[in-house]
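Report on the structure given below.
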Amino acid sequence: MASPGVLSMAANEENLLEVLSRYVSPRAAENLVRRALAQRMPTSPGEWAQLLEETLWPELRRLLPFREMPPELRALAREWRELAASQVAEAEAAEAEEEEPPLEVVDLEDPLARQHLARRLARLEGVTGVVVASQNGKEELFSGEPIPLDLAYPLLRRQGYGVFYALLEREIVALRPLAQGYIGLLARKEANIGRLLHALRRLISLAEVSG
């Protein structure tokens, strides 16, 4: 049985050939990919994105009158970039968890505790917005335009997520349901996702501790 890495490589190559075949013949697409892979064999999603953007795209632009990368190729490169970022975030979060820092108990129903927590989380590197919400109140701090996160919270609870994050066009959103409320972070896209998730995972609610 092939290893997961081999299966992933084959799937990436197949996706690349399928998209390229929309612009050149299947034989030409296969030749392009074969020549590119002969120069370097990608071993991660980020390297596949690099292969497409730095090796295949210049060659394709030489063959066809394209001024910019076609939407389908851009979408494939973006998908690989986001997958690479996700893998890095998971690895960083796992590494942070191995350090086993003490958990922090927070009382979301206490207005002063919500305020203190929001201010502290807002000082994390790259963070541009914080929401600390409970049944009876909410503390919000945003350096720019606020983003409404209340609609995402019920979905997270129904799906059973402990921590959730999403990569937006220019920002990261991370959410942690806690007791009957949630904590949300908005950060610049270049922020360290692993550290943000780590900061959220170590928080537990006073209601959970007291039973």
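The values are calculated or read from the model by the stated rules, or taken from the named source; none is laboratory data. Just so it is clear, the model here is predicted, and its values are computed rather than measured. Quick reminder, even Gly has a Cβ in these numbers, built from the backbone with ideal geometry, and neighbours come from all protein chains shown. These area figures cover heavy atoms from the full protein model, side chains too; ligands, DNA and RNA do not enter into them. Shrake-Rupley method; radii C 1.70, N 1.55, O 1.52, S 1.80 Å.
Of note:
- Rolling a 1.4 Å probe across the protein heavy atoms gives the stretch 104-210 an accessible surface of 54 Å² per residue.
- Per residue, in Å², the accessible surface of the stretch 4-95 once ligands and nucleic acids are set aside, probe 1.4 Å: 60 Å²
- Rounded percent of accessible protein surface that carbon and sulfur make up, the stretch 4-95, 1.4 Å probe: 52 percent
- Carbon/sulfur fraction of accessible area - the stretch 104-210, other protein chains in place, 1.4 Å, %: 50 percent
- Among 125-132, 54-61, 104-111, the order from most to least packed when residues are scored by Cβ within 10 Å on average: 125-132, 104-111, 54-61
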